[in-house]
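**Student:** Mind looking over this structure? Questions follow.
The values are calculated or read from the model by the stated rules, or taken from the named source; none is laboratory data. Fair warning: this is a prediction, and the values are worked out from it, not measured in the lab. With ideal geometry, Cβ positions are generated from the backbone for all residues, glycine too; neighbour counts draw on all protein chains shown. Accessible surface is based on the protein model in full, side chains and every heavy atom, while ligands, DNA and RNA are left aside. Shrake-Rupley method; radii C 1.70, N 1.55, O 1.52, S 1.80 Å.
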Amino acid sequence: MTAETQAAQAEQGRARLRKEDARLVTGQTNWTDNIVLPGMLHMAFARSPMAHARITSVDLSAARALPGVIAAFSGADFADEQGSLPCAWPVTPDIVIPAHPSMAVDEVRYVGEAVAVVVARDRYTAADAAALVDVSYEPLPPVLDMRTALEEGSPKVHEAGNKSFEWNFANGDLNAAFRDAPVVIERTYRQQRLIPSAMEPRAVVASCVSDEVTVWSSTQIPHVVRVMLALVTGIPEQSIRVIAPDVGGGFGSKLQMTAEEVLAVLIARKLGRPVKWTESRSEGNMTVHHGRDQWQRLRIAADRDGCAACRWTCSPTWAPT
């Protein structure tokens, strides 16, 4: 018997056939919002219309009285167990990470922050009941511009202040480069805030059976969500399973663990029944992770021939006079 050894083919330049097309074009995909479990309930959130305010009262009585509503909760109902959404990337050792509860308890700090949740037999009843939640607010000064946020006397979004971290990255003799450069350009730019809008909105389904938790989520990071859910809820990681079904786009908006994922687990555990939440487009515009706006002050040192590093052609007329 002789063995034939086939020479390995080079990978670079080879065409890769798509594997998912047949399911996509024949409607056999399984989105999170398609998932239906026995006895499943639906969640809807009442959200803050204010950028910064103190919560003085939350009245859930009208929402609870609506036929088809199973339960309604305020942030205070979960204050002892919802923990704080973790920061997955502590950029510097001294970074300031304020507490971020999944549902506001005493104070709201952005438009769209959840202040109450309604659980009902169907999503439309849940949405109608969420609109009946009566929340009273005491307005507080908001911070609308990151430049003024750092000024002395600016209103504080968090008690620890408005500055999270400062990261300095330097390479080489920067002072010498600017001192000896024939062309120095300095400009200030503003990059606008962006709202990712994936074809599929965010969605989550949670089921708790005995001590086992299963979460289906339209997420780009199921393994990270599993770890973070364990950290926030105290449920052992080996007792949590996170499944990412087909995901209809993300553009970075599904690269984080979200408040709704935490609350879905807590509510499913409290009620003993699976729950689902699918965001509306208006919710997504308010609460999906935005591409943050930036103020950038750029100072570039270059030769007369141009700056090869950034591929700008530097006109001599831009040189300091």
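**Student:** So what is the calculated 222 nm ellipticity per residue for the chain, using -39500 (n - 2.57) for each DSSP H run with n of 4 or more, over all residues, to the nearest 500 deg cm²/dmol?
**Tutor:** After summing the helix terms and dividing by the residues of the chain, the value is -5000 deg cm²/dmol.
**Student:** Just read off the accessible area of residue 257 with the full protein assembly in place, 1.4 Å probe, to the nearest 10 Å².
**Tutor:** 20 Å²
**Student:** Determine the distance separating the Cα centre of the range 253-299 from the Cα centre of the range 27-70; give it in Å without decimals.
**Tutor:** Measuring centre to centre over Cα atoms gives 13 Å.
**Student:** Continuing with this model, one more query. For a quick check of your reading of the filter: which trypsin sites (Lys or Arg not before Pro) in the range 238-298 sit in a DSSP loop and have no more than 15 other Cβ atoms within 10 Å?
**Tutor:** Loop-located and lightly packed - 292.
**Student:** Give me the net charge for the shell around residue 44: Cβ to Cβ below 9 angstrom, other residues only, Lys and Arg +1, Asp and Glu -1.
**Tutor:** 0
**Student:** In 5 Å bins starting at zero, report the fraction of Cα pairs in the range 153-203 per bin as a rounded %.
**Tutor:** Pair shares across the bins are 4, 10, 9, 11, 15, 14, 14, 12, 6, 4, 2, 0.
**Student:** Just to be sure I understand: with springs between alpha-carbon atoms less than 10 Å apart, which residue in 131, 51, 176 has the highest mean-square fluctuation in the Gaussian network model of the chain?
**Tutor:** 176
**Student:** Can you give me the three principal axis dimensions of the range 44-156 from its C-alpha atoms, in Å, biggest first?
**Tutor:** 51, 29, 22
**Student:** So which DSSP H runs in the chain come out at 24 Å plus along the axis (Cα) with average Kyte-Doolittle of at least 0.0?
**Tutor:** Details: long enough: none.
Once both thresholds are applied, nothing remains.
**Student:** Considering Cα pairs under 8 angstrom that are at least six residues apart, work out the relative contact order of the range 50-117 and quote it in whole percent.
**Tutor:** On the way: 80 pairs, mean separation 32.4, N = 68.
Reported relative contact order: 48 percent.
**Student:** Could you give the dipole magnitude of the chain about its Cα centre, charging the beta-carbon of Lys and Arg +1 and that of Asp and Glu -1, in debye to the nearest 20?
**Tutor:** So the dipole magnitude of the chain works out to roughly 740 debye.
**Student:** Then there's this: With a 10 Å cut-off between alpha carbons and a GNM built on the chain, which of 230, 177, 149 moves the most?
**Tutor:** 177
**Student:** Once the convex hull of the C-alpha atoms of the chain is built, how many Å³ does it hold per residue, rounded to a whole number?
**Tutor:** 263 Å³
**Student:** Then there is this: Where a Cα-Cα gap under 19 Å defines reach, which aspartates and glutamates qualify for residue 19, not counting those fewer than 8 residues away within the same chain?
**Tutor:** The qualifying aspartates and glutamates are 11, 246.
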